[in-house]
Structures are given as C-alpha cells and as structure tokens.
Amino acid sequence: MASTLEPVLGHEFVLHTGNYGDSPCKVTELDPPHKIGFDWGKDWHLTFQLKKLSAEKTEFTLIHAGWDAEKETEFGQPHRFVRGFMADGWDKIVQEKLPAYIEG
C-alpha cells in the first residue's frame, strides 16, 4: 500500500488502504536497519524485523498485533472479519511479493 512513511521515530504518516480510505499511522519503534514498528489506525501495531543469519541469508519477521474479536476497525468492520483477509494478504506479500522485489 502506498504511504507517506519515513523511517523517523515519531513520524506521523498516512497509509493509503484503497477502498478502505486512508489510515493514520505513527512510527513508534526504530532500530535501523533491524527494526521498524508503527501504530496503524486506532488498534493495530506492525513491526518489521530483520536478523542477519549469514552473509547470504536474512530472516524477516512481521508482527501484526492488536487484534480483538470484540473490536471494529475505524471503517466499521469487525476485527474477526478483517483478520482473515489481512492474514492472506500478508502471506502473499511476505512469501511472494517481498522475495520477488528483493531478487529484482
């Protein structure tokens, strides 16, 4: 998703979420080049971590926290509904799109 993200602690930015509108975000964790974390909308927190395993391998970890079956997003959708298609989306991004981007 397009965004105005900058890797600066405290930076407030917008994540353009297509049909769901724009979500306000804020960078809350930063440890370049190993980690960036940000609050997304009113409930979620995302963390992206890199860990060098060898000269040729780097481990990537994505944590999408803040799920609560009793809550709704700012767009009025229940978390329990959104979680399913978000998980599918993250799987595709992490397993297909990210490797393709890195391999150029």
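Each value in this text was obtained by applying a stated rule to the coordinates, not by laboratory testing. Just so you know, these numbers come straight off a predicted model, no measurement behind them. Glycine gets a Cβ as well: all are built from the backbone with ideal geometry, and neighbour counts include every protein chain shown.
What are the semi-axes of the equivalent ellipsoid for the range 37-86, taken as the square roots of 5 times the Cα gyration tensor eigenvalues, largest first, in whole Å?
Result for the range 37-86: semi-axes of 30, 11, 7 Å.
Among 4, 78, 89, whose Cα sits farthest toward the positive end of the charge dipole of the chain (+1 at Cβ of Lys/Arg, -1 at Cβ of Asp/Glu, about the Cα centre)?
Result: 89, furthest along the dipole toward the positive end.
So who's got an amide H within less than 5 Å of the one on residue 11, skipping anything under 5 residues away but keeping other chains? H placed 1.01 Å off N, in plane.
27
Kirkwood Rh over Cα pairs of the range 1-84 into Stokes-Einstein at 20 °C, 1.002 mPa s: D in µm²/s?
Working: Rh = 14.0 Å.
Result for D is 153 µm²/s.
Under 13 Å from the Cα of residue 97, which aspartates and glutamates turn up, not counting those fewer than eight places away in the same chain?
88
Taking θ = phi - 60°, what integer Hz values does the Karplus form 6.51 cos²θ - 1.76 cosθ + 1.60 yield along the range 29-35, in sequence order, with x for Gly and Pro?
So the J values, rounded to whole Hz, are 9, 7, 9, x, x, 8, 7.
Report, by chain and number, residues whose modeled amide H sits under 5 Å from the one on residue 45, excluding near sequence neighbours (fewer than 5 apart, same chain).
Hits under the 5 Å cutoff: 40, 65, 66.
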